[in-house]
Each structure stands twice: as C-alpha cells, then as structure tokens.
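Contents: one structure, followed by commentary.
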Amino acid sequence: MKKVKLLLFIFLLAPTMNQVVAQNETDSTLVRIETRDGNEFVGRITSQDTAKVVLLTENLGEISILTKDIISQKEILPNQYKDGELWFPNPQSTRYFWAPNGYGLKKGEGYYQNIWVLWNQFAYGITDNFSIGATVIPLFLFGGGPTPVLINPKLSFPLEKNKFNLGAGALAGTILGESDATFGILYGVSTFGTPDNNISIGLGYGFAGGEWASSPLINFCGMFRLSSRWYFLSENYYIGFAESGGGIISGGARWIIKKAALDFGLFMPVGADAGLIAIPWLGFTIPFGNTH
C-alpha cells in the first residue's frame with residue numbers, strides 16, 4: 001500500500017517538477033530583445049504570454065515589454081555575453097579586409113560590402129558549404145569608363161568545428177563592352193582558430209586574357225577580437241616574380257556598429273623598389289538574410 005501511495009505521489013508531482021525545471025531553464029537563458037523604438041534589452045525571461053514579455057535585466061531590474069513592440073527576440077550564446085557586456089557577432093567572419101578565409105556563409109546568410117565607394121560586392125549562402133558572390137565596379141559613373149564585373153563562388157569545408165576550416169573558390173571577372181578581357185584568380189585557404197580569433201594561409205594563381213601567372217600569390221592573414229566591438233586585422237601578400245619578389249603588408253581594425261562593420265587600416269608595399277608608401281583602406285559591410 002505504501003508503494004502504491006508513493007507511486008501516486010510521484011505521478012502527481014511530476015508535472016509540477018517539469019514546470020519548475022522548464023522555468024529554471026528559461027531563467028538561465030539570456031535573450032536580446034529589440035523594440036520598435038530602437039532600444040535593446042538583455043536579460044532573462046521570467047514570464048511570457050501573448051501580450052507581454054517580462055524580462056529580468058542586470059541594470060533595470062524586472063521590466064515588461066509589450067509583444068507588439070518587439071521586432072526581434074534572440075537567444076544570446078554564452079560566449080556573446082562577457083562581464084555584463086554584449087559581444088556582437090562578427091558581421092564579416094568569412095573575410096579579413098578583402099581576402100577570404102576558410103569559413104563560409106551559412107544557408108540564407110548574406111552581406112553587402114563596399115570598399116572606397118567603387119567596390120560593391122554581394123554574397124549569399126546557397127548551402128552551409130557553398131556561397132556565391134557578385135561584384136561591380138561602376139566606373140561608367142565617372143566619364144563613361146570601363147566597368148569590371150566579377151563573380152565569386154566559394155566552397156568551405158569545416159574539418160574541425162571552430163578550429164580548422166578549408167576554403168576554395170574563384171574570383172572571375174570581365175570588363176563590360178570589351179572582348180577578351182577576362183581576369184581573375186583561383187585560390188585555396190586554410191584557417192586555424194575560431195570565427196573571432198584566427199589566422200589563415202592562402203595560395204592563389206591569377207589569370208588574365210587566357211594566360212596564367214607564372215608564380216603564385218601567397219597570403220597570410222589574421223583576425224583577433226580585442227573587445228565587444230573591436231577586432232585587429234592584418235592581411236599580407238607575397239607575389240613571386242621571375243627574378244625577384246615583392247609583397248604587401250597591412251594592419252588595421254574592424255569596428256562593429258550593431259550588425260554592421262567598419263574596416264579601416266593601412267596597406268604598404270614591400271620590396272626592393274617599393275619605397276615608403278602607405279595606402280589607406282576603408283570598407284563597410286552590412287549583413288542581410290539570416291543574420292545573428
């Protein structure tokens with residue numbers, strides 16, 4: 001009889017225990033809520049129904065947000081919230097200043113990148129391992145000059161998640177209105193590290209007018225997260241020639257502005273005849289599609 005009563009007690013108590021566990025799981029999950037008036041709130045949901053969300057925040061305590069005012073509600077991963085500060089996802093984790101790394105866009109993710117107004121590139125993830133991009137340099141806006149257009153397919157292979165990725169792709173272009181004006185590069189790249197902190201070694205062969213370059217282009221790049229909104233970037237190239245070699249070194253930063261990113265830095269040619277020249281870099285990236 002005692003066993004029957006015990007089993008009955010457990011049976012009746014189980015739904016209540018499930019609710020407690022579910023509530024604890026909800027409370028332990030951080031979320032970021034964006035509202036229509038442009039505000040953002042980070043906290044743990046204590047209760048939620050069709051009319052409102054009650055959020056326990058670190059600075060404001062418990063607040064109520066009307067459901068009709070919410071435009072975005074997303075879970076925050078543990079590595080995105082440090083010392084009470086939200087670390088925004090990297091809006092351009094698949095590239096450095098310009099060079100690609102071994103990470104790829106996921107299915108449905110995309111971005112628009114602008115470099116010094118003239119370089120306009122779009123990329124979109126077709127699958128988790130394949131993306132396609134297109135670039136236009138509208139020189140026709142400046143006195144009817146020739147207009148290069150390019151396509152950029154890319155494959156990515158995660159061999160060990162967040163540790164080792166391989167990438168391969170092409171940048172192939174032509175100049176509108178001109179015959180036999182094809183050019184581009186085929187490349188492969190190995191990336192070691194996470195999307196936030198990594199180094200890459202790449203190798204590429206260029207082609208133009210139906211002929212291939214006699215020497216490869218080698219690059220070495222790095223990306224290191226410094227804080228919630230800042231990265232250090234370095235993108236460096238070695239270009240081999242028949243009798244000598246030269247290269248380009250660079251350093252700069254990425255500043256995250258909510259979901260967008262502003263890249264700036266200096267590029268310097270190196271070599272026997274390079275001299276002391278520093279070329280400024282300015283780029284802007286806006287993600288779209290299935291953003292974080």
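What follows is calculated from the coordinates using simple rules that are stated; it is not laboratory data. Computed from a predicted model, the values in this text were never measured in an experiment. Glycine gets a Cβ as well: all are built from the backbone with ideal geometry, and neighbour counts include every protein chain shown.
If segment 48-201 were replaced by its equivalent ellipsoid, with semi-axes equal to the square roots of 5 times the Cα gyration tensor eigenvalues, what would those be, largest first, whole Å?
They are 39, 22, 13 Å, listed from largest to smallest.
Quickly work out the LEU56-to-PHE224 label distance, labels modelled 7 Å from Cα along the C-beta direction, and quote it in nm with one decimal.
Between PHE224 and LEU56, the label points sit 3.9 nm apart.
Kindly list the residues of segment 150-190 that lie in the label zone of LYS107, defined by a backbone N under 18 Å from the point 7 Å along the Cα-to-C-beta vector.
Under 18 Å, as judged by backbone N against the label point of LYS107, lie 154-158 of segment 150-190.
Could you list, bin by bin from short to long, the percent of Cα-Cα pairs of segment 199-265 in 5 Å steps?
Pairs per bin, as whole percents: 4, 14, 20, 17, 14, 11, 9, 6, 3, 1.
Along the Cα-to-Cβ line of GLU178, 7 Å from the Cα, sits a label point; which residues in segment 111-127 have backbone N less than 18 Å from it?
Within reach of a label on GLU178: 118-120.
Note the angle between two axes, namely the Cα long axis of helix 2-27 and the longest principal axis of the Cα atoms of the chain, as a number of degrees from 0 to 90, rounded to the nearest 10.
The angle comes out near 40 degrees.
Please give the net charge around GLY265, taking every other residue with its beta carbon less than 10 angstrom from that of GLY265, where Lys and Arg add +1 and Asp and Glu add -1. Numbers along the way, then the final one.
Details: positive: ARG254; negative: GLU235, ASP263.
Local charge sum for GLY265: -1.
Under the definition of Cα pairs under 8 Å and six or more residues apart, what whole-number percent is the relative contact order of the chain?
Values: 672 pairs, mean separation 36.2, N = 292.
The normalised contact order for the chain reaches 12 percent.
Would you kindly state how much longer the chain becomes between ILE132 and TYR205 on full extension, computed as 0.36 nm times their sequence separation minus their alpha carbon distance, in nm to one decimal? Working shown, then result.
Numbers: separation 73, 0.36 × 73 = 26.28 nm, distance 1.95 nm.
Gain on stretching ILE132 to TYR205: 24.3 nm.
I want to check the label-to-label distance for LYS74 and LEU86. Put each point 7 Å from Cα in the C-beta direction and report it in nm to one decimal.
0.9 nm
Between beta-carbons, use under 14 Å as the cut-off and find the net charge around ILE132, counting Lys and Arg +1, Asp and Glu -1.
Values: positive: LYS106, LYS107, LYS154; negative: GLU109, ASP128.
With Lys, Arg at +1 and Asp, Glu at -1, the neighbours total +1.
Give the average over all directions of the projected area of the C-alpha convex hull of the chain, one decimal, in nm². Working shown, then result.
Numbers: hull surface 90.8 nm².
The directionally averaged projection comes out at 22.7 nm².
Using square roots of five times the C-alpha gyration tensor eigenvalues, list the equivalent-ellipsoid semi-axes of segment 172-292 in whole Å, biggest first.
On the way: eigenvalues 163, 81, 46 Å².
Listed largest to smallest, the semi-axes of segment 172-292 are 29, 20, 15 Å.
Please build a GNM for the chain, connecting alpha carbons under 10 Å apart, and tell me which residue among LYS259, LYS68, LYS163 fluctuates the most.
Among LYS259, LYS68, LYS163, the largest mean-square fluctuation in the Gaussian network model of the chain belongs to LYS68.
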